[in-house]
2 protein chains.
Amino acid sequence: MKKNDMKLWIVGSIGIDDIKTRTEDRKDLLGGSLPFCTAAASFFTQAGAVGIVGSDFPESFAARWGKFGTDLSGVQHAAGKTFRWAGAYDENMIERETLKTELGVFADFKPKLPAAYKQAPFVLLGNIQPELQMHVLRQAKGAKFVALDTMNLWIDIAKPALVKVIKKVDLLTVNDGEARMLSGKWNMRECADELLKMGPSYVIIKRGEHGAILFSKKGIFVAPAFPVEKVVDPTGAGDSYAGTFMGYLAKRGRVSEKALREALLYASVVASFGVEGFSLECFEKLTIAKIERRMKQMRKMISV
Amino acid sequence: MKKNDMKLWIVGSIGIDDIKTRTEDRKDLLGGSLPFCTAAASFFTQAGAVGIVGSDFPESFAARWGKFGTDLSGVQHAAGKTFRWAGAYDENMIERETLKTELGVFADFKPKLPAAYKQAPFVLLGNIQPELQMHVLRQAKGAKFVALDTMNLWIDIAKPALVKVIKKVDLLTVNDGEARMLSGKWNMRECADELLKMGPSYVIIKRGEHGAILFSKKGIFVAPAFPVEKVVDPTGAGDSYAGTFMGYLAKRGRVSEKALREALLYASVVASFGVEGFSLECFEKLTIAKIERRMKQMRKMISV
């Protein structure tokens, strides 16, 4: 594929994770939002990755990541340490405690869009500082459909900048707590109404193991999570969700209500595979045939 | 309608509630599981109520309740006080604190099935002591499809009796915490598998504002809750859910996978009306036309 054919790029964090679960203790895993987003998207379209790593970033990580067809030319290499995160999950595999956050080179990240990405129509602004989301979005002349993910931290410390960039995007994705913080409302429908007033045409409220709800002027779509039999590591599930969602839309090429709904179901399915292993391990064994098989189950689960 | 035509009876608690929410403080409301269950069922079929009240039970309550067409001949009147419950909701309208529980005559409740109920094919054993559920079920010679609701208390203090009655029923309904307690598993699919092994053909795991999941040998159905714009009082939502569910099945007359799925959607819809007011207030204004209108929205919310 020529780089000019790239339909989607994603900006986000790249990290090295240590993760503890009830039964396992794994160190030095490829993590951060960007690997999950791009690997998940890869089942539908090649994605360009915009991020930063330090000089300690293992070549083996880049090799594994590259196997998903992800274009890594937007990944900057800086002197210093790669972003590191360590966390421990509760036995329910939902609550987690952050044990360590070391920003490293991520602290001075200034995303620069490769020329080949500038005409890409689909953009996923992963969860980074809102000023940087705006900075990189300004370089995206060809962007037609922009999605933005964020987190409570930015709502807390950078709300004006966040509100400014939200105004520019087509789709906002937040979890229920963030929706409440950002809108000042409690009820999810009221939250979504407020968030839609801020600019985006679409708001997705993520509810973890309960799925997500898509709100737009056209109505509401309730997308369940795919009920997974064994959760090994939920890290990155939200990122896989967003990556799949955007990858699927990029493949379809146009955004309709139907395409959005299908995209959400695919997102649930791909994310459900992702949590069945650490890091990208399950995606490495995943095929589109397996995805389609689970999609068929998913459709049965929601049809009357 | 002749009483012998009765298709559904329900056993449960009848109470007088005091309820505090963030904005309101209401006293002496008709409460308990049975009024909610039977009123919700009434939009589909007449239900017989099996319960107990004390000599302080206001006649006006019986009059309001009777307006739903509920047959109250199975309600015993005993000397003493009616069951009383008081609770206060958190501002999220989900968490609640019990401020008072006075069992009153409910402590000595020994349900007796009116002769006219004995041939009814549909039975909902509401959340009461498992020994009493078994006691009343034994009187139900004509029962064809029996659903059982329970709570953490009985799993804690009366598990053997509960397991015994669960073996006799067709459908078990529990929330996710109860499913975990009862099955000893964590993952919802594993929980459901264990619960199905205990006897019932169907297990419904209720997830409050996230809806419910129906598990059976035939598969999984994920039913979302209807997103309500304004929750006034969530008390009784689970009871309205179960009552609607059984009322709808009783109306259809036979239980198929499709009927069960439809029943769950109707249950979400009727329960969503119920929480828009205190006690049975919203049901008093509810019509089948309003239910069908919201059902139409519901179907749109889950179709791709």
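Do the conditions hold for B:GLY219, that is, is it within 19 Å of B:ILE302 (Cβ to Cβ), at the interface with chain A (Cβ under 9 Å from one of its Cβ atoms) and touching a strand residue (DSSP E or B) at 6+ places or on another chain (Cβ under 8 Å)? When the stated conditions are applied, B:GLY219 does not pass them. Within the range A:222-267, take every residue that is within 12 Å of the chain's Cα centre (by Cα) and either assigned to a loop (DSSP other than H, G, I, E, B) or polar (S, T, N, Q) (or both) and give me the one that is nearest to A:CYS37 (Cα to Cα). Per the criteria, the residue is A:SER240.
Filter the range A:173-182 for residues that are part of a helix (DSSP H, G or I) and crowded, with 22+ Cβ neighbours inside 10 Å; which is nearest to the other protein chains (Cβ to nearest Cβ)? Across the range A:173-182, the extreme among qualifying residues is A:ALA179.
Restricting attention to the range B:191-216, the residues being modelled with pLDDT under 95, outside any loop (DSSP other than H, G, I, E, B) and at the interface with another protein chain (Cβ under 9 Å from one of its Cβ atoms) number 2.
Just one of B:LEU265, B:LEU249, B:LEU286 is under 26 Å from A:ARG261 (Cβ atoms) and modelled with pLDDT of 95 or more; which is it?
B:LEU265
Set side by side, the residues B:LEU124, B:LEU132, B:LEU113 differ, and just one is part of a helix (DSSP H, G or I), hydrophobic (A, V, I, L, M, F, W, C) and more than 14 Å from chain A (Cβ to nearest Cβ), which is B:LEU132.
For the range B:18-47, residues that are touching a residue at least 60 places away in the same chain (Cβ under 8 Å), out of contact with any Asp or Glu (no Cβ under 9 Å at 6 or more places or on another chain) and among the polar types (S, T, N, Q) total 2. The one condition from (1) surrounded by fewer than 23 Cβ atoms within 10 Å (Cβ to Cβ); (2) closer than 25 Å to A:SER216 by Cα; (3) touching a Lys or Arg at 6+ places or on another chain (Cβ under 7 Å); (4) in contact (Cβ under 8 Å) with a residue 12 or more places away in the chain that B:LYS230 does not meet is (3).
With the condition being under 23 Å from B:PRO121 (Cα atoms) and in contact with a strand residue (DSSP E or B) (Cβ under 9 Å, 6 or more places away or on another chain), I'd like the strands (runs of 3 or more DSSP E) fully within the range B:1-70 carrying at least 3 qualifying residues. Give the steps one after another, and end with the answer.
Working: elements: B:8-11, B:15-20, B:25-31, B:47-53.
By residue number, B:8-11, B:47-53.
The residue that is farthest from B:SER13 (Cα to Cα), counting only those in the range B:246-304 that are acidic (Asp, Glu) and within 14 Å of another protein chain (Cβ to nearest Cβ), is B:GLU257. Quick one: in the range B:78-135, which of the residues that are buried (at least 18 other Cβ atoms within 10 Å of the Cβ) and of a type in the set (Val, Ile, Thr) is nearest to B:ASN152 (Cα to Cα)? Step by step, filter the range B:78-135, then rank; the result is B:ILE128.
The values are calculated or read from the model by the stated rules, or taken from the named source; none is laboratory data. These numbers come from a predicted model, not from an experiment. All Cβ positions, even for glycine, are placed from backbone atoms using ideal geometry, and neighbour counts span all protein chains on display.
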